[in-house]
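Structure record follows, encoded as structure tokens.
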């Protein structure tokens, strides 16, 4: 029989077979024996300690009891149907209760036999019980795997349990898997690195993570597995970055021409901040190296990223290239378009807007102008990616609000020219340093970290429901000064009907407090047709209405310098980065702006931490770090990036030091041996060779 290895399909493992294999694939995405071994336990429990029934109490996290199952009976009808067992030891008796898999349990449980049970005790009407306990027939002869004081607990699901794959069942499979393939587990990290970082072998790590003999061994296994995950992410990213600079030539922008200079000297409405100058200089250097630029510019809302993008595009135009700028929504693209037109005036460069609602005639003219090169800068939405859109000579691409574009969409833009254009990705969502190192490790990162002169930081306060009248009073004062107010309601994904009810109830209340004709209100919500939305937005922009009531559609973009108050209803329902984005909608003018966070009187611990963080700081990066700790990395980066972050054990929020360590290790390896030619880097070379097929998405920023 052929030897089994990590890549053997899971159905060939002894004790699995086709049916169990099917459910393992569906429920846990386990396709091979290797996949099974990376289903790590999520905690470990001490199975050496037994409790007597009399000593059990509902405050215990879990308890293990040795006793006898004395009876089993079905109780209740339909929804309340359950199986109840009576379980005794010499000190007393308790109930065991099951709501699921009843027919199977009736067949397999033996009344009169001794069992070891494990579960969380609870009390109901003075009677102790454990619901869905783990049951093992007591057999003193059987030797258990691993250390009984550190028994692994695996995540399972109801479907898996029907196939006997509860945490115990999975543990048995892990034991078989390790016995079967232990010898064929190959090392993936070069010996020198293992020695330098005092890491154990991969074989040992996989054995110890499932069946540790003691705490020290478990800690070593965890360290090794975390290191491996972070190390290979960095290896992939930094290798891509290195390939980009070697393989992909970029256009050379070797002069700063008259358009750039005219704009800088005559049209700039306000002096550039130090941070803006620094970033423009970085872009200027990058575009003159002959390699393709991939740069991510992060800057808080209102830090002046648009001007940086515009000046970079003018640099491209001066060097005989075209530029384009992509935004995630039509409203934003239109706003960029008007903003840029206003900045450059009519005679400096030609700028056009292309979105889903551009008419056919206008579209034809734009396509024509792009192909004959008379159009310098094109602003648009996803419409720019369509194959029909052909440039004569695209040299510079700006992508606004990174998260909303999938990697594939960027790839299409990247193919619009023989020599790939320079890429500038802008985001107002600050990305914590660790995440930037992993998600965008192959991009160069610039940060615009100062606000333009004359901007005052926004004051943020948190009011409970009981202070609603104070909030209304404050709105009246600001409106009396001629200012405008945003009022935002959260979207509750589960029910759009509910959202509108909340919105409508809030509106009625508002209209009573702010009656016509003195006060006018605009309303924008997700269910409105695009033209109605734009109409309402425009009324607010033109100051025909003083209050804008909206669901979160205004999160990205809209620029109304006169709006100085942002009221966020049910603010505890928003994530931190969303709150920060919404707050950035005000404070666009020179006046003092305010953000008022309204919340219910009951707050969860996390909810309170989010609101306290908002009140405490305006610094997007600090907020992003707290957000990362609260939410974990998955949500922040958006699903498009999920392929990069294959982390099962490492945690970007808590393992920052280890991540930096891995990154520096990889940088040192590439510095010494860029092509990984030397014998000692053979493992790394073969890892990269396995990973690269054709044009991979990760080549594209």
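Which strands (runs of 3 or more DSSP E) sit wholly inside region 292-366 and have at least 1 residues that are over 25 Å from residue 257 (Cβ atoms) and over 25 Å from the mean Cα position of the chain (by Cα)?
Output list reads 351-354.
Could you please find all residues in region 416-435 being within 15 Å of residue 234 (Cα to Cα) and crowded, with 19+ Cβ neighbours inside 10 Å?
Start the filter on region 416-435 by keeping residues that are within 15 Å of residue 234 (Cα to Cα), which leaves 433-435.
Hits for region 416-435 are 434, 435.
Give region 25-53 a look and list any residue that's more than 24 Å from residue 90 (Cβ to Cβ), out of contact with any helix residue (DSSP H, G or I) (no Cβ under 6 Å at 6 or more places or on another chain) and assigned to a helix (DSSP H, G or I), or say none.
Correct list: 25, 26, 28, 34, 35.
Would you confirm, using the coordinates I've provided, whether residue 83 is in contact (Cβ under 8 Å) with a residue 60 or more places away in the chain, more than 30 Å from residue 205 (Cα to Cα) and in the same structural domain as residue 119 (by TED's automatic domain parsing)? Steps first, please.
Details: in contact (Cβ under 8 Å) with a residue 60 or more places away in the chain: no; more than 30 Å from residue 205 (Cα to Cα): yes; in the same structural domain as residue 119 (by TED's automatic domain parsing): yes.
Judged against the criteria, residue 83 is not a match.
Can you tell me how many residues in region 292-318 are in contact with a strand residue (DSSP E or B) (Cβ under 7 Å, 6 or more places away or on another chain) and over 22 Å from residue 588 (Cα atoms)?
The number of residues fulfilling the criteria is 9.
Output the residues belonging to region 392-427 that are modelled with pLDDT under 90, over 30 Å from residue 449 (Cα atoms), assigned to a loop (DSSP other than H, G, I, E, B) and in contact with a helix residue (DSSP H, G or I) (Cβ under 6 Å, 6 or more places away or on another chain).
Of everything in region 392-427, nothing turns out to be modelled with pLDDT under 90, over 30 Å from residue 449 (Cα atoms), assigned to a loop (DSSP other than H, G, I, E, B) and in contact with a helix residue (DSSP H, G or I) (Cβ under 6 Å, 6 or more places away or on another chain).
Do we find a residue being buried (at least 20 other Cβ atoms within 10 Å of the Cβ) and under 22 Å from residue 244 (Cα atoms) anywhere in region 271-279?
Taking every residue of region 271-279 in turn, at least one turns out to be buried (at least 20 other Cβ atoms within 10 Å of the Cβ) and under 22 Å from residue 244 (Cα atoms).
Based on this model, can you work out whether residue 230 counts as within 30 Å of residue 617 (Cα to Cα) and crowded, with 20+ Cβ neighbours inside 10 Å?
No: the conditions fail for residue 230.
Of the conditions (1) modelled with pLDDT of 85 or more; (2) farther than 26 Å from residue 428 by Cα; (3) not in a strand (DSSP E or B), residue 506 clears all except one; give me its number.
(1)
Within region 330-347, take every residue that is out of contact with any strand residue (DSSP E or B) (no Cβ under 8 Å at 6 or more places or on another chain) and surrounded by 20 or more Cβ atoms within 10 Å (Cβ to Cβ) and give me the one that is nearest to residue 267 (Cα to Cα).
So the residue we want is 335.
Checking residue 661 against (1) modelled with pLDDT of 90 or more; (2) outside the structural domain of residue 505 (by TED's automatic domain parsing); (3) buried (at least 21 other Cβ atoms within 10 Å of the Cβ), which test does it fail?
Answer for residue 661: the failing condition is (3).
If you take the residues of region 201-221 that are surrounded by fewer than 18 Cβ atoms within 10 Å (Cβ to Cβ) and not in a helix (DSSP H, G or I), which of them is nearest to the chain's Cα centre (by Cα)?
201
Considering region 169-180 alone, what residues qualify as being more than 11 Å from residue 39 (Cβ to Cβ) and surrounded by 19 or more Cβ atoms within 10 Å (Cβ to Cβ)?
The one that is more than 11 Å from residue 39 (Cβ to Cβ) and surrounded by 19 or more Cβ atoms within 10 Å (Cβ to Cβ): 178.
Condition first: closer than 27 Å to residue 442 by Cα, surrounded by fewer than 21 Cβ atoms within 10 Å (Cβ to Cβ) and modelled with pLDDT of 85 or more. Can you find one or more residues in region 353-360 that meet it? It would help to see each step written out before you state the result.
Kept after step one, since they are closer than 27 Å to residue 442 by Cα, are these residues of region 353-360: none.
No, region 353-360 contains no residue that is closer than 27 Å to residue 442 by Cα, surrounded by fewer than 21 Cβ atoms within 10 Å (Cβ to Cβ) and modelled with pLDDT of 85 or more.
If residue 84 passes every condition in (1) in a strand (DSSP E or B); (2) closer than 20 Å to residue 168 by Cα but one, which one does it miss?
(2)
Each row is one residue, and each column tells you yes or no for (1) modelled with pLDDT under 85; (2) assigned to a loop (DSSP other than H, G, I, E, B).
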| site | (1), (2) |
| --- | --- |
| 533 | yes, no |
| 560 | yes, yes |
| 567 | no, no |
| 595 | no, no |
| 626 | no, no |
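Which of the following residues is within 26 Å of the chain's Cα centre (by Cα), surrounded by 21 or more Cβ atoms within 10 Å (Cβ to Cβ) and farther than 30 Å from residue 269 by Cβ: 597, 609, 603?
Sole residue among the options that is within 26 Å of the chain's Cα centre (by Cα), surrounded by 21 or more Cβ atoms within 10 Å (Cβ to Cβ) and farther than 30 Å from residue 269 by Cβ: 597.
What strands (runs of 3 or more DSSP E) completely inside region 121-165 contain at least 3 residues that are more than 35 Å from the chain's Cα centre (by Cα) and assigned by TED's automatic domain parsing to the domain that holds residue 53?
Those strands (runs of 3 or more DSSP E) span 121-124, 127-131, 134-137.
May I ask you to verify whether residue 244 is closer than 21 Å to residue 194 by Cα and modelled with pLDDT under 90?
no
The values are calculated or read from the model by the stated rules, or taken from the named source; none is laboratory data. None of the values given here were measured: they were computed from a predicted structure. Here the Cβ is made from the backbone with ideal geometry for all residues, glycine too, and neighbour counts use every protein chain on show.
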